[in-house]
Amino acid sequence: MTVQRRLSRKEKRRVERDFDYVTNILSQKFSMKSVKPITKTQENLFESYRQGYNIAAIGTAGTGKTMCALYLALTDVIQLEQYERVIVIRSAVQTRDQGFMPGSLKEKIAYYEAPYIDIVNDLFERKDAYQILKQRGSIEFMSSSFVRGLTFDNAVIIVDECQSMTYHELDSIITRVGESSKIIFCGDMKQDDLKGSKNRNDISGLRDFVKVLEKIRSFNVVEFGIQDIVRSGLVKEYIIAKEQELELV
């Protein structure tokens, strides 16, 4: 028989404070700032999403693909309540040789989650927004390495940095989509973190995967170009110069 130890007064007060803190956080109501498309391509992305399409947002870095996807998904989950949660899936490509990274697996995964924390906090204009939504179960982050065997029901799934996934990974993710769910793939075929991999089987599958998506009626492929860069003037100048240089090589 197991004898349970009684909590001390100090421990009871700490439990009560923690309970009150979590209850307060989960009951808070807050809303996102309004985001409108800046470029014609972003407008196409917004319209395609609102018309009910699954989307492949493909193209140049700095064009706001991930931010737009998160805004649209969170609008449906938080404001319109059409889905239960947003699931962000990203390739932790360096986990294939992640031995040099310090910390536990949880700490390593947190490294890849950081960009989405920043985006969500900015959308809600408060530093604790992502943490609150995560505790509520309204947003979830995972590596593409852990999707096998799962089914994603009643969710908006955002697959980011998918140029760093093999075709097998992309295939595994799309076949996890369950009932009443929508999926958005974001990536740039000109950025491929798999090129330096020591494993010969690590080849980006995005190009072939998009060819398949183009044959699916429920998908719309939205292509972003240099003209859609919104991050900064310097980023736009750099990408133009880089692409011109690569064409000369």
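Here, each number is a calculation from the coordinates, and none is a lab measurement. Keep in mind it's a predicted model, so treat the numbers as computed, not measured. So basically every Cβ, Gly included, is an ideal-geometry build from the backbone, and we count neighbours across all protein chains shown.
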*asked:* Under 5 Å between amide hydrogens, which residues at least 5 positions from residue 141 or on another chain qualify, with H placed 1.01 Å from N in the peptide plane?
replied: 88
*Signed unit charges on C-beta, dipole axis of the range 36-248, positive-most listed residue 55, 142, 206*: 142
*Backbone HN-Hα couplings from phi across the range 140-155 [Karplus 6.51/-1.76/1.60, Hz, Gly and Pro as x]*: 9, 10, 8, 7, 4, 6, 10, 8, 4, x, 8, 10, 9, 9, 6, 9
*At 1.002 mPa s and 20 °C, Stokes diffusion of the range 36-248 via Kirkwood alpha-carbon radius, µm² per second*: 120
*Lys/Arg Cβ at +1, Asp/Glu Cβ at -1, dipole of the range 36-248 taken about the Cα centre: which of 130, 222, 241 is farthest positive-ward?*
130
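Too long at a 19 Å Cα-Cα cut-off: which of 65/108; 40/127; 40/211; 106/134; 33/65; 40/65? Please report the intermediate quantities before stating the final value.
Working: 65/108 24 Å; 40/127 30 Å; 40/211 23 Å; 106/134 15 Å; 33/65 17 Å; 40/65 13 Å.
Exceeds cut-off: 65/108; 40/127; 40/211.
To the nearest 20 debye, what charge dipole does the range 36-248 have about its Cα centre, counting +1 at the Cβ of each Lys and Arg and -1 at the Cβ of each Asp and Glu? Spell out each step's value before the answer.
On the way: 27 positive and 31 negative charges, 50 e Å.
Charge dipole, the range 36-248, about its Cα centre: 240 debye, nearest 20.
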*May I ask you to list the residues of the range 214-233 whose amide nitrogen lies under 14 Å from a point 7 Å from Cα along the Cα→beta-carbon direction of residue 190?*
223-231
